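Engineer: Attaching a single structure in C-alpha cells format; questions to follow.
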Amino acid sequence: MMQAVVVDQPGAPEVLLLREVPIPKPSLGWVLIQIRAFGLNRSELHFRSGVASSGSFPRIPGIEASGVVVDAPGGEFAPGVQVMTMMGGMGRNFDGGYAEYVVVPAAQVIPFTSDLPWSTLGAVPEMLQTAYGSLTVGLEAVEGQTLLIRGGTSSVGLAAAVLAKRRGMTVISTTRSAARFPLLEQVGVDHPLLDSGEVAEPVRALLGGGVDGAIELVGANVMRDTLLAARPGGVVCFTGMLSDQWTIPEFYPMDWLPNGVRLTAYSGDASGLPAPVLQEYLDAVEAGSAVVPIGRTYRIDEIVQAHRDLEANAVGGKAVVVLGMPD
C-alpha cells in the first residue's frame, strides 16, 4: 500500500483526500517510479476544480514527478536510476504524481544523475520543460536578443529568466507587485517591470523599441498588449494562463496582430525536454551557475494548504511536495 491524494469529484481544495491505496503494477512498456518529490502546477488546479478540458474522476492528480525507478518490465531503465516524468495524460487520463509511487509510459521517463536534494529536483520537470520549449520552439531565441516575460514571478517565468540569461539575453520580466522585484533580480532579470495591465509602452520606452521575443504566461486577457510590446519581426509565444482566461472572443487577426509580429504557442510534454538538456541544467545548478526558483515546500499531508496557496498566488516560485525522509 502507499499514500496518495485522491480526487473523487471536482471542487475546492478540500476534495484532495489523502488515502492508503494499492501500489500500482507496471505492464510492459510502463515504469514504476518511487516518487521522492513532485511539483505543483496550475493545470492541476484546473483539473481539481473541474474546468480542465480533459481527465476523469476518481483520479490521483499530478502531471509531474521526480524519483527512482523501481521496476521496468521492458528493461528500459534499471532499478535505482534517478528519473523525472511529466505530462502525457498523467494525472488526467491515468493516475499521476500526487502519491508515493506512480506508473507511467517508458517514453515519458527522463533519466538523470544528481546529488541535488529532492526538494530541488522535484521542482524541475514541468517548469524546465515549459520554459525550455517556450524559448527554443516557441521563440527560437538566440544569444543577444531581448526577452519580455509576462508573468515573471510564476515558476515557469522564473525558470525562463534563468535559461534566457544563460543564453546571454536581456530580460524584462513583469510582476503585479513591486515587492517581488528582488525575486526577479535573484534569477538575473535585468529589468523588473510593474504590470498595471498595460506594459507595451514602458517596454518600448525602456528599449527604444519593442522586444525580440515575449513569453505570455498571464493569458488571453493581456496578450494584445504583449503583442504591442514586440518589435516588427518579433515573436510572442503564448504559453500560460495564470489569469485563467484561455480564449479571445471575436478574435480578428488583422486588428490584433501588429504588422510583422508573429504569434506562436507552446504546450509540450516529456519529449520536449531532452535528457542532455536536463542533465546540463542540473549540473549548472549544482555548480552554482543556475538556480531552481523554489517558492515553498510541503508534506503530502499539507496538499490542501498547498492548493490554497497556489490559488492565492502566495508561493512566489515553484511549490514542491517532498515525500519520505528529509533531504
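Engineer: When the chain is modelled as a GNM with alpha-carbon springs shorter than 10 Å, which of GLY88, GLY75, GLY268 fluctuates the most?
Structural biologist: Evaluated over the chain, the most mobile residue of the options is GLY75.
Engineer: Additional query: Report the full-extension gain for the segment THR247 to SER196: residue separation times 0.36 nm, less the Cα-Cα distance, to one decimal in nm.
Structural biologist: 16.3 nm
Engineer: Let a ≥ b ≥ c be the square roots of the eigenvalues of the Cα gyration tensor of the range 172-212; is it rounded (a/c under 1.5), or, if not, prolate (a/b larger than b/c) or oblate?
Structural biologist: It comes out oblate by the Cα gyration axes.
Engineer: Between SER27 and PHE57, what is the label-to-label distance in nm when each label sits 7 Å out along the Cα-to-Cβ direction?
Structural biologist: Placing both labels 7 Å beyond Cα along the Cβ direction yields 2.6 nm.
Engineer: Please give me the summed charge of the neighbours of ILE33: other residues whose Cβ is under 13 Å from its Cβ, Lys and Arg +1, Asp and Glu -1.
Structural biologist: For residues surrounding ILE33, the net value is -3.
Engineer: How many percent of the accessible area of the range 1-123 is carbon or sulfur, using a 1.4 Å probe?
Structural biologist: 54
Engineer: For the range 131-214, what class follows from the C-alpha gyration tensor (a ≥ b ≥ c being the square roots of its eigenvalues): rounded when a/c is under 1.5, otherwise prolate if a/b is larger than b/c, else oblate?
Structural biologist: Since a/c reaches 1.5 but b/c is at least a/b, the shape of the range 131-214 is classed as oblate.
Engineer: Same structure again: Pairs of alpha-carbon atoms within less than 8 angstrom and 6+ residues apart define the contacts here; what relative contact order does the range 1-94 have, in percent?
Structural biologist: Relative contact order, the range 1-94: 30 percent.
Engineer: Quick one: what do you get for the range 24-93 if you divide its Cα Rg by 2.2 N^0.38 Å?
Structural biologist: 1.19
Engineer: Let me ask something else about it. For the chain, give the share of DSSP beta bridges that are antiparallel, in percent and rounded to the nearest 5; count only bridges with both residues there.
Structural biologist: Given both bridge residues lie in the chain, the antiparallel proportion sits at roughly 55 percent.
Engineer: Using the basic label-point model (7 angstrom from Cα toward the beta carbon), what is the ARG299 to ASP115 distance in nanometres?
Structural biologist: 2.9
Engineer: Compute and list, largest first, the equivalent-ellipsoid semi-axes of the chain from the alpha carbon gyration tensor, each √(5λ) rounded to a whole angstrom.
Structural biologist: Here the semi-axes work out to 34, 21, 18 Å.
Engineer: Let me ask you something else. How long are the three semi-axes of the equivalent ellipsoid for the range 1-123, computed from the Cα gyration tensor as the root of 5 times each eigenvalue, in whole Å, largest first?
Structural biologist: Semi-axes, largest first: 24, 15, 13 Å.
Engineer: Cut-off 19 Å, label point 7 angstrom out along Cα-to-Cβ of THR136: give me the residues of the range 185-213 whose amide nitrogen falls inside.
Structural biologist: 213
Engineer: Another question, then. Which residues in the range 59-89 have a backbone N closer than 16 Å to a point placed 7 Å from the Cα of VAL277 along the Cα-to-Cβ line?
Structural biologist: 84-88
Engineer: Probe radius 1.4 Å, ligands and nucleic acids ignored: give me the carbon and sulfur share of the accessible area of the range 181-327 as a rounded percent.
Structural biologist: Carbon-and-sulfur percentage of accessible area, whole number: 54.
Engineer: Shifting gears a bit: Let me cross-check ARG19: its accessible surface, 1.4 Å probe, with only protein heavy atoms counted, in Å² to the nearest 10?
Structural biologist: Here the residue's solvent-accessible area equals roughly 90 Å².
Engineer: Right, another one. Restricting to Cα pairs below 8 Å that are 6+ residues apart, what does the relative contact order work out to for the chain? Please round to a whole percent.
Structural biologist: 18
Engineer: Do you know the relative contact order of the range 209-327, to the nearest whole percent, from alpha carbon pairs under 8 angstrom that are 6+ apart?
Structural biologist: That works out to 19 percent.
Engineer: How are the C-alpha pair distances of the range 194-327 spread across 5 Å bins, as whole percents from the shortest bin up?
Structural biologist: Histogramming the range 194-327 at 5 Å steps yields 2, 8, 12, 15, 16, 16, 14, 9, 5, 2, 1, 0 percent.
Engineer: Note down the net charge around ARG262, summing +1 for each Lys or Arg and -1 for each Asp or Glu among other residues with Cβ under 13 Å from its Cβ.
Structural biologist: My count for the surroundings of ARG262 gives -2.
Engineer: Calculate, for the range 164-219, the solvent-accessible area per residue in square angstrom, rolling a 1.4 angstrom probe over the heavy atoms of the protein chains.
Structural biologist: 45
Engineer: Can you tell me what the convex hull of the Cα atoms of the range 136-177 projects to on average, as an area in nm²?
Structural biologist: 2.7
Engineer: For ARG176 and MET254, what does the FRET efficiency come to when R0 = 45 Å and r is the distance between their Cβ atoms, rounded to the nearest 0.05?
Structural biologist: 0.90
Engineer: Here's a follow-up. Of the residues SER119, SER53, SER243, which exhibits the maximal mean-square fluctuation in a Gaussian network model of the chain defined by a 10 Å Cα contact cut-off?
Structural biologist: The residue that fluctuates most here is SER53.
The values are calculated or read from the model by the stated rules, or taken from the named source; none is laboratory data. All of these numbers come straight from a predicted model, not from anything done at the bench. Reconstructed Cβ throughout: ideal geometry from the backbone, glycine too, with neighbour counts over all protein chains shown. Remember, those area values only see protein heavy atoms, side chains included, never the ligands or the DNA or RNA. Shrake-Rupley method; radii C 1.70, N 1.55, O 1.52, S 1.80 Å.
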